[in-house]
Amino acid sequence: MCENAPAEVTVLRLGHRPGRDDRMTTHVALTARALGAERALLVGDTTQSRDTVEDITARFGGPFAVEVLDEWRPVLRDWDGKVVHLTMYGERVQDVEDDVRTACVDGGEPLLVVVGSQKVPFEVYDAADWNVGVTNQPHSEVAGLAVFLDRLFEGRELSRAWENAEKRVVPMETGKRVVEGDAAGGSRGSNDTDGE
């Protein structure tokens, strides 16, 4: 969790079309992990996405949890905290980010961030504390989630320390370098790789 982060940030991926959404659902969960959320809830036939995210977390560090659910309604109904629904039809993120941050970062309220895939039922709009648009233009839900989380954490998530990482990317001006990392996140050696 990021310093001064909410008590809990969970991303709920609402819906999944097998074959069509496999990469997008995986990228929603990976973006949630990389940008400060603690867990992702994936609805539907998303076992492959879950397995990929668990593999990335095992190799590049955590903590991060990912779960596969059959139904999203109980999560939304029983959530004990605030709910943000990311939609191009919502209020502008720059107009509501301070309110969300005050409630969830400063106030410690758990936050559920709902990210759709296909047409989202009106009950989601109605259940949300904030319907938030990252631009009111058509765009990727992955981009919307990334912008929202970055604005929520004000960039602090970019300096997150990762625990139990087997591998660590070394920032470089050019080239690619991945080193083996120990449990504390340090390097045990320098195994340069050309892989992604």
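What follows draws every value from the coordinates through simple rules; no lab data is involved. Everything quoted here is computed from the prediction, not taken from an experiment. Cβ: placed from backbone, ideal geometry, glycine included. Neighbour counts: every protein chain shown.
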- [ ] Run the numbers on the chain and let me know its relative contact order in percent, using alpha-carbon pairs under 8 Å that are six or more apart.
- [x] 25 percent
Open item on the list: Students often get this wrong, so try it: which of (1) 66, 35, 34; (2) 52, 38, 31; (3) 43, 42, 30 is Cα extents along the principal axes in Å as calculated from the structure shown?
Closed with: (2)
Open item on the list: Using a 7 Å offset from the Cα along the Cα-to-Cβ direction at both R73 and Y125, what is the distance between the two label points in nm, to one decimal?
Closed with: 1.9 nm
Task: Where GluC sites (Glu not before Pro) fall in DSSP loop in the stretch 1-76, at most 10 other Cβ within 10 Å - done: E3, E71
- [ ] Identify all aspartates and glutamates with a Cα-Cα distance to K176 below 18 Å; exclude those on the same chain that are fewer than 8 residues away in sequence.
- [x] E166, D192, D194, E196
Open item on the list: To make sure I understand the rule: partners must be lysines, Cα under 28 Å from the Cα of K119, and not fewer than 8 residues away in the same chain. Which ones qualify?
Closed with: K82
- [ ] Give the longest segment of the chain that steers clear of trypsin sites (Lys or Arg not before Pro) in DSSP loops with at most 13 neighbouring Cβ atoms within 10 Å, not counting the sites themselves.
- [x] 21-118
Task: Helix-only mean residue ellipticity at 222 nm for the chain, each DSSP H run of n ≥ 4 adding -39500 (n - 2.57), per residue, nearest 500 - done: -9000 deg cm²/dmol
